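The numbers here are math on the coordinates, done by the rules we state, and not lab data. Since the structure is predicted, the reported quantities are computational estimates derived from the model, not experimental observations.
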Amino acid sequence: MKAIVHKQVFAQVKVLVDTGLKDVIETLNKIPNVWTFESCEGGIDQTSDIWLCCGFPNSNNDKATFEFARRLYVMLIKAGCNIGVSLEWHCGATISPHILLCFPKVQSKSVVSALKDALVSDAFAHHSSNENRSYK
């Protein structure tokens with residue numbers, strides 16, 4: 001049986017997230033064509049981890065995702081955040097690569113503030129060019 005591919009668009013949904021990451025996740029999800037799909041607040045002596053994607057499945061967006069991750073890292077470092085950003089490619093994933101954002105949970109407010117400043121300054125505007133594009 002052949003799978004049917006339907007056009008898909010972003011929708012606002014409600015999900016359960018760790019309390020300490022709620023504001024960071026909501027702010028990240030305001031960046032065009034970026035969405036989070038997994039997170040953990042972390043415990044004492046652990047980092048907060050947020051997994052996110054940039055772009056659309058099967059859109060050959062590796063270069064754009066790398067550039068977004070690099071700009072995200074530089075922007076957060078300049079804002080004084082102790083941050084780690086890495087990219088991972090997963091075998092069989094329809095979206096590649098995945099971005100992992102890590103930071104000490106005590107810096108959540110600083111991360112949110114820096115992300116909001118970037119949104120106000122339209123620093124992520126070029127990521128909206130693929131918005132509402134069909135998944136293939």
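Miscellaneous remarks
- Shape class for the stretch 19-128, computed from the alpha carbon gyration tensor (a ≥ b ≥ c): oblate, with a/c not under 1.5 and a/b at or below b/c.
- Amide hydrogen proximity for S48: with H placed 1.01 Å from N in the peptide plane, the residues at 5 or more positions away or on another chain lying under 5 Å are F103, K105.
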